[in-house]
Each structure stands twice: as structure tokens, then as C-alpha cells.
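What follows is a single structure, written as C-alpha cells, with notes after it.
Laboratory data are not the source of any read-out in this text; all were calculated from the coordinates shown. Not measured: the values here are computed from a predicted model. Here the Cβ is made from the backbone with ideal geometry for all residues, glycine too, and neighbour counts use every protein chain on show.
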């Protein structure tokens with residue numbers, strides 16, 4: 001159960017990808033739902049093709065292009081986002097291939113409607129889920145666009161999350177919090193940390209070394225462990241067991257080791273900016289959930 005770094009950081013599609021694109025477009029543009037012709041038609045000036053006299057919207061081909069390129073990480077710092085947005089447009093031959101893809105998708109969607117596939121419960125459920133997922137993603141992007149990260153916030157995060165030293169830590173991995181509490185009591189009574197690690201830790205890699213992990217930068221540790229050891233003094237252990245995806249940890253700070261070269265604030269902002277934005281987005285979403293009346297079924 002090693003601790004690993006946690007820093008946030010177009011050709012012609014294959015047939016399976018084409019089907020995936022069709023599914024995504026089905027959810028986004030309602031291709032799997034019966035709609036009135038006046039709602040489905042795009043203005044002629046936006047059409048990139050006519051299929052049996054019906055126009056295909058340029059917005060659709062643009063969406064296929066975005067999906068093939070992959071979405072930008074919405075939490076990226078503004079400089080990185082601006083650089084990516086300045087990428088050159090797709091060459092004409094690639095746009096022509098995308099147009100061929102769009103025609104294939106539209107033909108398949110029409111055949112599906114003709115055969116009533118759009119009325120199948122599982123297809124309608126998938127379409128509804130895709131639509132809601134896309135709306136949720138759009139809402140997150142709107143949240144992010146409205147968030148400002150000040151220089152003062154970045155400087156404060158830099159001092160907190162980019163300390164000028166490495167953390168030399170050890171841990172004892174246990175199956176539950178109660179076992180961790182019992183080990184903390186034994187530590188309080190004077191039992192050596194290494195002895196308890198060798199006897200009780202579930203982490204085979206560090207157990208034989210008395211729980212020693214080694215020296216890690218702050219952002220190389222799981223966030224919960226980083227927060228637990230940030231203000232400890234060498235020789236102290238976290239007062240409570242710490243939960244991560246690997247289990248429960250009894251954590252000890254064994255020492256501090258000066259960094260040979262501390263990252264500058266300008267360098268660190270590449271990962272600090274998205275961390276701050278993410279925290280603000282999460283806080284707002286948690287507030288919305290607290291304000292909503294949510295009733296969960298006991299057996300979904």
C-alpha cells in the first residue's frame with residue numbers, strides 16, 4: 001500500500017468510438033428522442049450538410065471535434081487554459097472526415113428512431129443520464145468561470161502546502177479506526193512505534209522497516225496524511241487514525257529534511273490554482289446539497 005504522489009495535474013475514429021460519439025450526441029442533442037421537425041432543424045446558415053433535405057448543424061460537427069480532442073481540464077490555471085485555447089484550427093481534410101462521421105451518426109440515429117429503439121426504457125434512461133451529466137459538467141464550468149483566485153490566496157496556499165522541507169514519515173496501516181485507536185493508546189503508554197508497525201501493519205513493504213516510508217514532499221502525500229503531519233514536530237504522531245483509500249493509518253513524523261530547491265510560487269501555482277478552485281467548487285456544491293431536501297431510498 002505505497003503512498004504515491006497525488007498532485008493534480010485526432011485521427012479517424014474506430015467503429016466503437018463512432019458508436020460512443022453517437023451515444024454522446026444522442027444525449028446532448030436529443031437524437032434518441034422524437035422531436036417536432038421545427039425543433040430538430042438548424043438554421044440553413046449553420047448547416048454543414050443536407051440529408052434528405054434536412055440540415056445538419058455545424059454545432060454538431062464542432063462537438064465531435066471537441067470530443068476527439070478531449071476536454072481541457074476545467075481546473076487548469078488561466079495561463080495554461082489560454083495557451084491551449086490558442087491552438088490552430090483543425091485542417092480542412094480533418095473537418096471533412098468529421099462531416100462523414102456526422103452523416104453516419106445521423107443515419108444510424110434515424111434508423112434507430114424508425115425501429116422504435118429510442119422508445120426502449122434503457123435507451124431513454126441512458127439518454128436522460130447523458131443529458132443530465134452534460135448539464136452537470138456545464139454547471140461546474142460555469143462555477144469555475146465565476147471563481148476568482150487572488151494573489152493573496154495563492155501566496156497563503158504556497159506557504160501552507162509548499163513548505164521548504166521534506167517530511168520523513170512512518171505509518172502503521174490497520175483495517176479500521178478502532179484498531180488504530182488501540183495502537184495510539186499503546187504509543188501513549190510508551191510502546192515503540194517501530195515495534196507496533198512490525199507486529200500490526202498491513203503494509204508489507206514498510207512493515208519490516210518499522211513502518212518507515214521515507215522522505216516525501218507535502219504534495220506527494222495523500223491529502224489526509226499531509227494535513228495530519230503538517231504541524232507535527234519530529235517524533236510526534238497524529239492524534240487520530242487517518243483514513244485514505246489504502247485503509248486507516250497511524251502516522252508518525254520522524255523528521256524534517258530541508259529541500260535542496262524549493263519550488264517557486266510561480267511554479268507551484270500550476271497545481272495550487274486548481275486545488276483552490278476545486279475546494280471552492282466543492283464547498284458551493286456541498287452548500288447546495290445542504291439546502292436541498294434529499295431523501296434516499298434505503299435499498300436503491
> How big is the Cα convex hull of the range 90-218 in projection, averaged over all directions, in nm²?
Replying inline: 17.5 nm²
>> Could you order the peptides 269-277, 228-236, 291-299 from most to least packed, using the average number of other C-beta atoms within 10 Å per residue?
In response: 269-277, 228-236, 291-299
> Label residue 59 and residue 233 with points 7 Å out from Cα along Cα→Cβ: what is the distance between them in nm?
Replying inline: 6.3 nm
> Which length gain, in nm to one decimal place, applies between residue 128 and residue 240 when the Cα-Cα distance is subtracted from 0.36 nm times their residue separation?
Replying inline: 36.0 nm
> If packing is taken as the mean number of other Cβ atoms within 10 Å per residue, what is the order of 112-122, 168-178, highest first?
Replying inline: 168-178, 112-122
>> Restricting everything to alpha-carbon atoms, can you work out Rg to Rh for the range 163-258 with a Kirkwood hydrodynamic radius?
In response: 0.93
>> Can you tell me the length gained on complete extension of the stretch residue 111 to residue 261, counting 0.36 nm per residue apart and subtracting the Cα distance?
In response: 47.8 nm
>> So, R0 is 51 Å and r is the distance between the beta-carbons of residue 135 and residue 195; what FRET efficiency does that work out to, to 0.05?
In response: 0.40
> Extension gain residue 288-residue 160, at 0.36 nm per residue separation less the Cα-Cα distance, in nm?
Replying inline: 43.3 nm
>> Please arrange 200, 94 by how many other C-beta atoms lie within 10 Å of their C-beta, fewest to most.
In response: 94, 200
> Is the shape of the range 181-232 rounded, prolate or oblate, going by the alpha carbon gyration tensor and its root eigenvalues a ≥ b ≥ c, with a/c under 1.5 for rounded and a/b larger than b/c for prolate?
Replying inline: oblate
